[in-house]
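Single-structure report; data block below.
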């Protein structure tokens, strides 16, 4: 695989006219540098990308902030808040499915261009976990708060309380519980258990931020936490390189520190697309049996180039920039 470099890489390598004698063409060929893909800082363009169809509405809200010269951090927070508020969404926020005991527990994390990050997990009864995660980042010395401690913090900072599950979801849960006799349901591909929204954005200053929020695996064991609130698994941002976020069965994503893996691949010269493919390849190799498994990644680099890949067909993601607004289907491995 060829290694991509940007202008700073060229400067660091010393590929200027005064040093061409040191780096002859044979040595350049040996390093497999693809100079045709060199980017410059002048090419940085604002963009918002997010997972799944519900990313369309979330991106629209985020873009309103970006186009008014707002920060990428504000964009990714208020963008996913749209999804958290959607009562028809069964995998994120207020309308999410409960765990096996009937509790809707919410997970979220956020990360900015300076590697500041905040996270909440196993949070119940609070409308916007993504905003609580940001408050953890900005108002505490910690990165993650969980459970009752996270709720106590949220209430102390006047976050809105909610009652969950909503009536229609509670009705579904009761029917499920009766049918399954309290047994944990086997995860099914492309349903219920992995429709997390993850969002990445570049603002007009070239700064990258990301967010991730979910109600988790439907009818999960009480206390289960997936990849979504875990920095490096569900989300990772490096403003010098790019960012990635994940959706899917979180246990498998955690095992390879998925989003961090994608960003580190980009650091080592992979394009966003190649990096997502490499992360999925690792999951398949580590997991072995992926018959009932879906994991997906989206990524963008410093210059707004994007990528997406999943284990199998069915994953899509939303893009919004000055040239395009819509849904794209990701590539897949099997």
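We did not get these values from a lab; they are worked out from the coordinates using the rules stated. Small disclaimer: the values here were computed from a predicted structure and weren't measured. Cβ coordinates were reconstructed from backbone atoms using ideal geometry, including for glycine residues, and neighbour counts include every protein chain displayed.
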So how far apart, in nm, are the two label points at residue 333 and residue 88 if each is 7 Å from Cα heading toward Cβ? 3.4
Gain in span if fully extended, residue 152 to residue 255, counting 0.36 nm per residue against the direct Cα distance: 34.1 nm
In terms of the Cα gyration tensor, with a ≥ b ≥ c the square roots of its eigenvalues, is region 39-150 rounded because a/c is under 1.5, prolate because a/b exceeds b/c, or oblate? oblate
Measure out, as a whole number of angstrom, how far apart the alpha-carbon centroids of region 232-255 and region 94-173 sit. 19
Using label points projected 7 Å from each Cα along Cα→Cβ, tell me how many nm separate residue 323 and residue 205, to one decimal. 2.6
Projected-area average for region 42-332 over all orientations - Cα convex hull basis, square nanometres: 13.9
Highest to lowest packing among 110-119, 149-158, scored as the average C-beta count within 10 Å: 110-119, 149-158
Based only on the alpha carbon positions, what is the Kirkwood hydrodynamic radius of region 49-109, in angstrom? 12.3
For peptides 141-147, 285-291, 275-281, 86-92, sequence by mean Cβ density within 10 Å, most packed first: 275-281, 86-92, 141-147, 285-291
Among DSSP bridges having both ends in region 42-332, what percentage is antiparallel? Round to the nearest 5. 90
List the pair-distance distribution P(r) of region 213-334, using every Cα-Cα distance, as the percent of pairs falling in each 10 Å bin from 0 up to the bin containing the longest distance, rounded to whole percents. 15, 46, 32, 7, 0
Work out, in µm²/s and without decimals, the Stokes-Einstein translational diffusion coefficient of region 87-162 at 37 °C, 0.692 mPa s, Rh from Kirkwood over C-alpha pairs. 265
Cα-based Rg of region 245-296 per 2.2 N^0.38 Å, rounded to two decimals? 1.05
